[in-house]
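Just so it is clear, none of the values below were taken in a lab; they were calculated from the coordinates. For clarity, every value in this text was computed on a predicted model and none was experimentally measured. Cβ placement follows ideal geometry from the backbone for every residue including glycine, while neighbour counts extend to all protein chains displayed.
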Amino acid sequence: MTNIDEGVFRSQLKARQQRGVTMRRLYAASFGVAILALVLLGLTIVNEAFGYVTLVYKVEPETLSDRPLAELTEAELVDVLVQRAPGQLPKLLAENVAGMDLKTFAAVPLSQSLPGKTLDADYADLAPKDIPTDIRPAVLGQILADNLSPEGLLSLIETAILQPTVSESWPLFEGLLHRTEIEQRLVELYPDEITRPELRFKSWLRLEMLTQVMDSNPLVSGIRTALIGTLYLLVIVVLTAFPVGIAAAIYLEEYADPNKWYNRIIETNIRNLAGVPSIIYGLLGLQLLVRFMGDPATGGLGLTSGQAFGVTDGTGRNIITAGLTLALLVLPVIIINAQEAIRAVPMSYREASFGLGATKWQTIWRSILPSALPGILTGIILSLSRAVGETAPLVVVGASTYIVQDPTLFSRFTALPIQIYNWTSRPQAGFRELAAASIIVLLVVLIAINAFAFVLRNQARRRLQV
């Protein structure tokens, strides 16, 4: 054996150490850039979701009372509602106290639609439509007064009578840093102090937006229908893509002969499909699920339109086709990650199971899958994260941008990404800010789903370590 030159050895060792230090610094710099990008993205979204606005009222607040509305008592606030909006009281009561649609509320006795609420015993057994019309506003107004706070009554007055709209809006940081300039501009535009709109802080992210439907006024518009559509889509993806993807991975890793040409073609195609643009999957869903399996009027089989199951007005452009399209989209990712997880299980696990007399399926079900479950759940997290934010395939298969009725499996639908895209393209003040608030809701949904998957993965890992 030749002797190692100590000088050469030390110089090479020093060079390797220097390269290691350089790479660590590059990794740290990359991590810092990624964190900075996330922080900037978060600040941008928060900046848009909160801010300042000026409002224009259809009815000026000064015309409702000789005192500011905030100083009125509950009885006086209810009197304003009774006098100015008597016909809207049933709707206001149904939506804000009973929590049901107006048609149902009008036909159900008050004691059933308002259980646990303060009611006049003389009218508790009557439905709103059965109360005499001459006293109905007073009765319903009293129920509002007994069950809502002054702040709630003020909100109803603003919605039903004042009907404000956003004239201008400013992001949070601009409103905080340039408030004086904005107020000076308002003084120049509106010299009369009485007609000058008030600059007020506005949080577009609010709980009410989760229960409100879409509207042309951003102040009262919500994401209820889009949120329900998104949740439906995720459920369909979970119920279809995950079982099929895991089953395909089991076949390719445990049963398929890698030397067969058709198995090699399947493997290659799956890996290629993982990189196909999502719009291509939208076109596939349009042709296969909407047209071929959809509306019989256009030559379809009537399966995805629901007409084969008795639905008379289905067209195939619904949540079923959209969910199945997203399932096709994430299927290659699920298969590839599940394959890698199964492949990572040591061969000794299989040999030990076979040695104890287990069949091949028993080995897969009781030994291989539990060991591969953490890796499989990682693929599920990645696939759900991609599915929840997709827009292009949903547009192709028929997602709508304006829906006020809760979607069903065979009805028109929309989703949060579609709604966010629609609002960001509107020129009216307020919709871009509302889109930012919706993005926060979408992120919360995504984080909640990922957190649940992380919990399952960690539990699976702990079981393996026991």
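Structure above, values below:
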{"read-out": "Cα gyration tensor, segment 85-160 - rounded (a/c under 1.5), prolate or oblate", "value": "rounded"}
{"read-out": "Mean Cβ count within 10 Å, highest first, over the residues of peptides 425-435, 372-382", "value": "372-382, 425-435"}
{"read-out": "Label-reachable residues, segment 182-197, where backbone N falls under 18 Å from a point 7 Å from Ser203's Cα toward its Cβ", "value": "none"}
{"read-out": "Order by protection proxy (mean Cβ within 10 Å, highest first), peptides 244-251, 209-216", "value": "244-251, 209-216"}
{"read-out": "Spin-label model distance (nm) - Ser348 vs Leu239, 7 Å beyond Cα toward Cβ", "value": "4.3 nm"}
{"read-out": "Relative contact order (%) - the chain, alpha-carbon pairs under 8 angstrom, separation at least six", "value": "17 percent"}
{"read-out": "Stretchable slack from Thr63 to Val21, in nm (0.36 nm times residue separation minus alpha-carbon distance)", "value": "7.9 nm"}
{"read-out": "For segment 54-208: lysine pairs under 25 Å (alpha-carbon distance), excluding those fewer than 8 apart on one chain", "value": "8"}
{"read-out": "Size of electric dipole in the chain: Cβ of Lys, Arg +1 and of Asp, Glu -1, about Cα centre, debye, nearest 20", "value": "3160 debye"}
{"read-out": "Estimated inter-spin distance, Leu210 and Glu183, nm [label 7 Å along Cα→Cβ]", "value": "3.6 nm"}
{"read-out": "Cα shape, segment 402-452, gyration tensor, a/c 1.5 rule", "value": "oblate"}
{"read-out": "Angle between the chain longest axis and helix 431-465 axis [Cα atoms, degrees, rounded to 10]", "value": "40 degrees"}
{"read-out": "Estimated vicinal HN-Hα couplings, Hz - segment 416-427 in sequence order (Karplus 6.51, -1.76, 1.60; Gly, Pro = x)", "value": "4, x, 5, 5, 5, 4, 5, 5, 5, 8, 7, x"}
{"read-out": "Spatial separation of Cα centroids for segment 310-341 and segment 17-96, in angstrom", "value": "35 Å"}
{"read-out": "Listed residues Asn217, Val33, Thr73: farthest to the positive end of the dipole of the chain (Cβ charges)", "value": "Val33"}
{"read-out": "Inter-probe distance in nm under a simple model that places probes 7 Å from Cα toward Cβ, at Asn272 and Asp120", "value": "7.6 nm"}
{"read-out": "Coarse-grained scattering of the chain at q = 0.07, 0.11 Å⁻¹, given as base-10 log I(q)/I(0) from a Debye sum over alpha-carbon atoms", "value": "-0.58, -1.09"}
{"read-out": "Karplus (6.51, -1.76, 1.60) ³J(HN,Hα), θ = phi - 60°, over segment 352-362, in Hz, Gly and Pro reported as x", "value": "5, 5, 5, x, 8, x, 6, 6, 5, 5, 4"}
{"read-out": "In Hz, Karplus ³J(HN,Hα) per residue of segment 108-119 (6.51, -1.76, 1.60; θ = phi - 60°; x = Gly, Pro)", "value": "9, x, 4, 5, 8, 7, 10, x, x, 8, 6, 9"}
{"read-out": "Shape category assigned to segment 258-367 from the gyration tensor of Cα positions, a/c cut at 1.5", "value": "prolate"}
